[in-house]
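The values are calculated or read from the model by the stated rules, or taken from the named source; none is laboratory data. All of these numbers come straight from a predicted model, not from anything done at the bench. Heads up, the Cβs are rebuilt from the backbone with ideal geometry, glycines too, and the neighbour counts pull from every protein chain shown. The area values use the complete protein model at the heavy-atom level, side chains included, leaving out ligands, DNA and RNA. Shrake-Rupley method; radii C 1.70, N 1.55, O 1.52, S 1.80 Å.
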Amino acid sequence: MASLIDWDVAARAAKRFSPPSPGVSRREADDVVGELYRATATAADQVAELTQLSEPPVTAVTRVIDRPAWIDANAGGMRAVMAPIVERLVEEHPVGKVAERVGGRLTGVQVGVILGFLSGKVLGQFEFFDRPGGQLLLVAPNLVAVERQLKVDPKDFRLWVCLHEVTHRVQFTAVPWLRQHMLDEVAALSATIETDPAEMRKRLSGAVGELVKVVRGQGNGSGLLGVLATPEQLAVLDRVTAFMSLVEGHAEYVMNAVSPSVIPSQKVIESRFASRRRRGGNPLDKLLRRLLGMEAKTRQYVDGSAFVRTVVDRIGIDDFNAIWTSRETLPTKAEISDPGLWIARVHA
């Protein structure tokens, strides 16, 4: 049966819109791949020491990949995540076969443009929607492009990035209920989707105003999603924002807490990478980031890292790790901004 999103079209479009990779020789490419696999193994020992989390025997596959492979993996993951949402829309508002097929291709191209843009930005990722066991993805051309742009030590930079991604792997394997938590939040978003055409037109008209703000560099950084979401969805999005701030901030804390004996140029890398985040890219790049709400994503790194650092400094890593006990011990959005609230609630 046809779908509201043609994922094959999305993947093909993404690969067309993906930026060209940096020029490297075959020998250089082989060296990068080998170095990243070694860095992943080194990072695992450092993450275990810094987080004090016990990772079970690793079943997640580690893959050093190019941009097209990243697109394929994430198209598969998005397809799995969006399946219940698409099914609900089709059930409540069935359309003819021709309209569904044409619409699916058009939507596929739109999704492909977003995936193509992101394929040139992501350095690494722990992906667990497409494969239940998870897969640690390291996008070699993006790593090479950024380390050249920042003019940093390649070996140090690759290990620094691997520390971040391996921390995500440890989070979702040492705390196995986290994956189901994310799936449940996706289901909660699906259940609150507004399918009434009149209400959707109203929200789309509001999105036009937000689009104007985004183009002018205004707005709150949440992108069009913040305008299109219903009040019920905004409540779920607040929980997801707090959760993502935690896991991203935790990984950010780890990669910047490593000993100088492990990554001698870590301070230089951290400073230059933070400066790169603040500057953003070219005007089109900045516009797309605002539309996708990626500025809010950047705040998640900053706010989450500050939250983790503050809590660990005040009560130590063992008491911080109470955060992984259950859904009830996860921080709220307000607690991310005020870590003392979380400490008072969980360690009263």
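Quick check: Cα centre of the stretch 1-73 to Cα centre of the stretch 320-348, how many Å?
The stretch 1-73 and the stretch 320-348 have Cα centres separated by 32 Å.
List, in order, the whole-Hz ³J(HN,Hα) value for each residue of the stretch 125-133 obtained from phi through the Karplus relation with A = 6.51, B = -1.76, C = 1.60 and θ = phi - 60°; use x for Gly and Pro.
Whole-Hz 3J(HN,Hα) from phi for the stretch 125-133: 6, 9, 9, 10, 7, 6, 10, x, x.
Give me the 1.4 Å probe accessible area per residue for the stretch 151-190, excluding ligands and nucleic acids, in Å². Intermediate values should be presented prior to the final figure.
On the way: 1310 Å² over 40 residues.
Heavy-atom SASA per residue in the stretch 151-190 reads 33 Å².
How charged is the neighbourhood of residue 269? Take every other residue with its Cβ under 10 Å from the Cβ of residue 269, and add Lys/Arg as +1 and Asp/Glu as -1. Could you put the intermediate results ahead of the total?
Details: positive: 267, 272; negative: 147, 153, 156, 270.
Its environment carries a net charge of -2.
For the stretch 16-80, rounded, prolate or oblate, judged on the Cα gyration tensor with a ≥ b ≥ c (square roots of eigenvalues), a/c < 1.5 rounded, else prolate if a/b > b/c? Could you put the intermediate results ahead of the total?
Numbers: a/c = 2.94, a/b = 1.37, b/c = 2.14.
Judged from the Cα gyration tensor, the stretch 16-80 comes out oblate (a/c at least 1.5, b/c at or above a/b).
Sorting 167, 59, 332 by accessible area (1.4 Å probe), largest first, what list results? Each step should come with its number before you reach the end.
Details: 167 0, 59 115, 332 65 Å².
Reading off the accessible areas and sorting them downward yields 59, 332, 167.
In what sequence, highest mean first, do 309-317, 124-132, 24-32 appear when ranked by Cβ atoms within 10 angstrom? Can you show the working numbers first?
Values: 309-317: 15.6, 124-132: 18.9, 24-32: 12.3.
Taking the mean over residues of other Cβ atoms within 10 Å, the ranking is 124-132, 309-317, 24-32.
Collect residues whose amide H, placed 1.01 Å from N in the peptide plane, falls under 5 Å from the amide H of residue 58; neighbours closer than 5 in sequence don't count.
Answer set, sorted by chain and number: none.
Using modelled backbone amide H atoms (1.01 Å from N, in-plane), which distant-in-sequence or interchain residues come within less than 5 Å of residue 124's amide H?
Counting only residues 5 or more places away or on other chains, the set is 139.
So what's the stretch 106-160 giving for Rg/Rh, alpha carbon basis, Kirkwood Rh from the mean inverse pair distance? Please list the in-between numbers first.
Working: Rg = 14.0 Å, Rh = 12.9 Å.
For the stretch 106-160, the value is 1.09.
Hey, what do the phi angles of the stretch 137-146 turn into as Karplus ³J(HN,Hα) couplings, whole Hz, using 6.51/-1.76/1.60 and θ = phi - 60°, x for Gly and Pro?
The phi angles translate into 9, 10, 8, 4, x, 6, 4, 5, 4, 6 Hz.
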